[in-house]
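Some notes on the structure that comes next.
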Amino acid sequence: MTRHPPGALLLTPGAGSGADHPSLRRIEAAVAPLPVARVDFPYRTAGRRAPDRAPVLIATVVEEAARLATAAGVAPGRVLLGGRSMGGRMCSMAVAEGLPAAGLVLVAYPLHPPGRPEKPRTAHLPDLGVPCLFVSGTRDAFGTPEELLAATATIPGPVSHVWVEGGRHDLRGADDEVAAAVSAWVAGLG
């Protein structure tokens with residue numbers, strides 16, 4: 001199968017933030033001139049704090065990916081999907097359910113609830129056949145590097161990891177490092 005370079009990037013926020021999160025803005029700037037859409041989930045646009053259930057979030061990813069593909073004039077399979085924490089996880093679940101994508105950009109992937117490794121969020125990972133980038137802090141309470149490496153070993157598509165040394169789940173102060181990692185990875189696709 002011939003890989004084409006990505007034609008656009010859809011970015012989604014974590015549960016406690018919105019599409020204007022500084023790290024998402026930094027990623028958008030770093031991958032320019034690639035078209036980027038930073039989108040909010042319905043609960044956020046409605047002014048609610050509690051996230052919608054996964055089916056609503058996944059449906060939002062599917063709708064926004066189609067909208068971005070049309071706006072960018074590219075095939076749906078040339079859109080990269082991803083984002084921070086919950087947003088990236090929902091993108092990965094959408095791809096596992098069959099949404100075409102050029103790859104996944106997963107920043108601070110929430111492998112399990114903090115301190116609850118017995119509740120992994122990994123059942124869908126073996127269904128990911130696209131290139132995946134995981135950018136994670138080495139001190140993330142949502143998953144240690146060892147836990148993440150073990151979980152991502154089940155992904156059949158190519159997996160890349162970038163570790164932010166000492167970074168916690170919020171990756172505070174690492175926006176430039178995260179954006180550079182995403183930009184370099186995107187440049188290497190296709």
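Laboratory data are not the source of any read-out in this text; all were calculated from the coordinates shown. The structure presented is a predicted model; accordingly, all values stated were derived computationally and were not measured. Note that each Cβ is placed from the backbone with ideal geometry, even for glycine, and that neighbours are counted across all protein chains shown.
Convex hull volume per residue, computed on the Cα atoms of the chain, equals 106 Å³. Dividing the mean sequence gap of close Cα pairs (under 8 Å, 6+ apart) by how many residues the chain holds gives a relative contact order of 22 percent.
Which value, in debye to the nearest 20, gives the size of the charge dipole of the stretch 120-190 about its Cα centre, when Lys and Arg are +1 and Asp and Glu are -1 at the Cβ?
Working: 4 positive and 9 negative charges, 23 e Å.
Charge dipole of the stretch 120-190: 120 debye, to the nearest 20.
Computed from backbone phi with θ = phi - 60° and the Karplus coefficients 6.51, -1.76 and 1.60, the 3J(HN,Hα) list for the stretch 66-82 is 5, 4, 5, 4, 5, 4, 7, x, 10, 5, x, x, 9, 8, 7, 10, x Hz; x is used for glycine and proline. Projecting the Cα atoms of VAL182, GLY115, GLY166 onto the charge dipole of the chain, computed from C-beta unit charges around the Cα centre, puts GLY115 farthest toward the positive end. The shape of the stretch 60-165 comes out prolate: with a ≥ b ≥ c from the C-alpha gyration tensor, a/c is at least 1.5 and a/b beats b/c. For the stretch 94-138, with equal point scatterers placed on the C-alpha atoms only and solvent neglected, what are the log10 I(q)/I(0) values from the Debye formula at q = 0.19, 0.33 1/Å, to two decimals? Calculated log10 I(q)/I(0) at the listed q: -0.67, -1.22.
Of all GluC sites (Glu not before Pro) in the stretch 29-101, which ones are in loop regions per DSSP and have a Cβ with at most 14 other Cβ atoms within 10 Å?
Values: sites: GLU63, GLU64, GLU97; in loops: GLU97.
Here the sparse-neighbourhood loop sites are GLU97.
Taking label positions 7 Å along the Cα-Cβ direction at both ALA50 and ARG139, the computed distance is 3.3 nm, reported to one decimal. Projecting the Cα atoms of VAL31, ALA46, ALA96 onto the charge dipole of the chain (Cβ charges, centred on the Cα centre) puts ALA46 farthest toward the positive pole. If only the Cβ of Lys and Arg carry +1 and only the Cβ of Asp and Glu carry -1, the dipole of the stretch 8-187 around its Cα centre is close to 380 debye. Here is the tail figure for the stretch 64-125: Cα pairs spaced more than 13 Å apart come to 63 percent of all pairs. Taking the fewest neighbouring Cβ atoms within 10 Å as the starting point, the ordered list for HIS124, HIS4 is HIS4, HIS124. Among residues other than ALA181 with Cβ under 12 Å from its Cβ, the summed charge is -2 (Lys and Arg +1, Asp and Glu -1). Under 5 Å between amide hydrogens, built in the peptide plane, is the criterion, and for GLY103 it picks out LEU81 among residues at least 5 positions away or on other chains.
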